[in-house]
Amino acid sequence: MSAPAPTVAHPALGQAVTRIDSTITVHDASVLATDKLDGVVLDAVFGEATARDYARWLLWELGQAVGVRPASIHDLYMARGRGEVHGFTVPAINVRGATYDTARSIFRVAKTMDAGAFILEIARSEIAYTDQRPSEYVAVLIAAALREGFRGPLFVQGDHFQVNHKKYAADPKGEVDNVKKLADEAIAAGFYNIDVDTSTLVDLSHAALDDQQRKNYEVCAEITTYVRSQEPKGVTISVGGEIGEVGTENSTVPELRAFMDGFNATLTRIAPGTAGLSKISVQSGTSHGGIVLADGSIADVKLDLKTLEDLSKVARDEYGMSGAVQHGASTLPDDAFHNFPRTETAEIHLATNFQNMLYDHLPAVLREEIYGWLRENAKDERKATDSDEQFFYKTRKKALGPFKKALWNLDAGTKAKLAAAYDAKFTFLFTQLAIGGTKAAVKQTVKPLAIHRPMPGTAGHIVVEAAPDDATLSD
């Protein structure tokens, strides 16, 4: 019986990529960096169910074939905990809107700067209001990397996989199970980095720090154990914990010790030998999205750099983690960012300012259409004291899902201006955070496996292989 003949993997790619059953062969990788790939990613986001699932699978396999593989940053962070790498701060970038174009800018700048230590992430809340389920998000990020010719591990992170305090109070098991279900979906999609946020359970009514942090560290350990049970063979997911909600009182070294000692003891008790946390999120003076004033400007933030430095040092020296993580950093003034590598902050999270830039570049007609939608659909979130500027600033993230297709289809002129602005901003941030040239450290510490998935609708199974040498990958 003769072997099956190869078929074109996708009409947009022609003979450059062929398929036999679930095996993809890339004959001309240069085609992936052209507008021919745009048709595949369009199917992955807006196609009907069969075409959508196939396109997402194809993008995953294209990434496996040429060297854009979702990976865990855990081993790089453990190396940092041992003092083997240092001097840079990893940006974790929440890409909410116009995701393909925004991510293309990130990869374009990363390639130019030889940067490898950066994360792209989406929070539990963002998944809902931006209408980006994990499988779509990963597919679009892989496509953006391929489109820009980027090669290397792709660190995709679940940000604030958070236990809601009110829902937990009403149904503790149900709310924790909801986070576990999201972890299932995310890990299956290729999220090999997850920030568990149970800081909502900190109870300051207790006098003792251990009692204040108890629910936080116990539930975090439970979710961490579950995440470990779902890891693909050979992958150690990077898991982060959190000791204080962003926007509340600044974290302290005793709080960090109370959480980490309790977490490690709990993890040892319920799952001996299980890998622990790679980082710890703290509060040092910022707030998510910044504090918007009545005129639409953002209030100045007093960032406690000494807190970050001290917490990072204790996290590394006493617990072997990479250091402290700062949330809510994107709306800080430009002159703040160089301080993060100086204080050896492990990671900072950046989100709202990129959304602001997107809205600043929208055609006036589209922006007014979005604001009209918000007036009707977000009116319950408006406080009596809110100015229009405050109301729209706080709620416009909720329009990113309903207007996803309109943002995807922005005219070429608007896209070009936005791309130039994003390129400049990412170049600035990557420079200030000193991640230029970190591709070498990533290559030395992170060895992403090749994880092949069966084509949708077939009876195959996932195959995990050691990653081939870079020399065998298509550039």
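Pairs under 6 Å by beta carbon, first residue over 19 Å from Asn409 (Cβ atoms) in region 351-375, partner β-branched (Val, Ile, Thr), six or more apart or different chains?
Thr352/Thr331; Asn353/Thr331; Leu374/Thr395
List the helices (runs of 4 or more DSSP H) that sit entirely inside region 112-222 and contain at least 1 residues that are within 30 Å of Ser30 (Cβ to Cβ) and in contact with a Phe, Trp or Tyr (Cβ under 8 Å, 6 or more places away or on another chain).
Once the helices (runs of 4 or more DSSP H) in region 112-222 are filtered for at least 1 residues that are within 30 Å of Ser30 (Cβ to Cβ) and in contact with a Phe, Trp or Tyr (Cβ under 8 Å, 6 or more places away or on another chain), what remains is 134-147, 172-189.
Which residues, counting only those in region 341-357, are within 19 Å of the chain's Cα centre (by Cα) and closer than 21 Å to Ala324 by Cα?
Passing the criteria: Thr345, Ala346, Glu347, Ile348, His349, Leu350, Ala351, Thr352.
Any chance region 239-259 includes a residue that's free of Cβ contacts under 8 Å to residues at least 60 places away in the same chain, over 20 Å from His327 (Cα atoms), touching a strand residue (DSSP E or B) at 6+ places or on another chain (Cβ under 9 Å) and surrounded by fewer than 21 Cβ atoms within 10 Å (Cβ to Cβ)?
Checked region 239-259: no residue is free of Cβ contacts under 8 Å to residues at least 60 places away in the same chain, over 20 Å from His327 (Cα atoms), touching a strand residue (DSSP E or B) at 6+ places or on another chain (Cβ under 9 Å) and surrounded by fewer than 21 Cβ atoms within 10 Å (Cβ to Cβ).
Could you please give the count of residues in region 389-414 that are at pLDDT 95 or above and either in contact with a helix residue (DSSP H, G or I) (Cβ under 9 Å, 6 or more places away or on another chain) or among the aromatic types (Phe, Trp, Tyr) (or both)?
18
Within region 446-458, does at least one residue satisfy the condition of being part of a helix (DSSP H, G or I), surrounded by 18 or more Cβ atoms within 10 Å (Cβ to Cβ), in contact (Cβ under 8 Å) with a residue 24 or more places away in the chain and touching an Asp or Glu at 6+ places or on another chain (Cβ under 9 Å)? First the steps, then the outcome.
Applying the first criterion (part of a helix (DSSP H, G or I)) to region 446-458 yields none.
No, region 446-458 contains no residue that is part of a helix (DSSP H, G or I), surrounded by 18 or more Cβ atoms within 10 Å (Cβ to Cβ), in contact (Cβ under 8 Å) with a residue 24 or more places away in the chain and touching an Asp or Glu at 6+ places or on another chain (Cβ under 9 Å).
Which one of these is among the aliphatic types (A, V, I, L, M) and farther than 23 Å from Pro456 by Cβ: Ala92, Ala55?
Values: Ala55 fails: farther than 23 Å from Pro456 by Cβ.
Selected residue: Ala92, the only one of Ala92, Ala55 that is among the aliphatic types (A, V, I, L, M) and farther than 23 Å from Pro456 by Cβ.
Just give me the residues in region 67-92 being among the aliphatic types (A, V, I, L, M) and buried (at least 23 other Cβ atoms within 10 Å of the Cβ), in sequence order.
Scanning region 67-92 gives Val68, Ala71, Ile73, Leu76, Val90, Ala92.
Name every residue in region 200-252 that is of a type in the set (D, E, K, R), touching a helix residue (DSSP H, G or I) at 6+ places or on another chain (Cβ under 8 Å) and closer than 23 Å to Ile119 by Cβ, in order of residue number.
Within region 200-252, Glu231, Glu242, Glu245 qualify.
Of all strands (runs of 3 or more DSSP E) completely enclosed by region 1-111, which ones contain at least 3 residues that are under 21 Å from the mean Cα position of the chain (by Cα)? Steps first, answer last, please.
Working: elements: 17-20, 23-26, 90-94.
Because the criterion is at least 3 residues that are under 21 Å from the mean Cα position of the chain (by Cα), the strands (runs of 3 or more DSSP E) in region 1-111 that meet it are 90-94.
Would you confirm whether any residue within region 383-392 is surrounded by 16 or more Cβ atoms within 10 Å (Cβ to Cβ) and among the aliphatic types (A, V, I, L, M)?
No, the conditions are met nowhere in region 383-392.
Within region 323-355, track down each residue that is under 26 Å from Phe392 (Cα atoms), at pLDDT 90 or above and surrounded by fewer than 17 Cβ atoms within 10 Å (Cβ to Cβ).
Within region 323-355, just Asp334 meets the criteria.
Out of curiosity, is Asp184 over 22 Å from the mean Cα position of the chain (by Cα) and either surrounded by fewer than 24 Cβ atoms within 10 Å (Cβ to Cβ) or more than 18 Å from Leu256 (Cβ to Cβ) (or both)? Give the steps one after another, and end with the answer.
Details: over 22 Å from the mean Cα position of the chain (by Cα): no; either surrounded by fewer than 24 Cβ atoms within 10 Å (Cβ to Cβ) or more than 18 Å from Leu256 (Cβ to Cβ) (or both): yes.
So Asp184 does not fit the description; no.
The values are calculated or read from the model by the stated rules, or taken from the named source; none is laboratory data. Quick caveat, the model's predicted, so the values are computed rather than measured. Here Cβ is always computed from backbone atoms with ideal geometry, including for glycine, and neighbour counts include all displayed protein chains.
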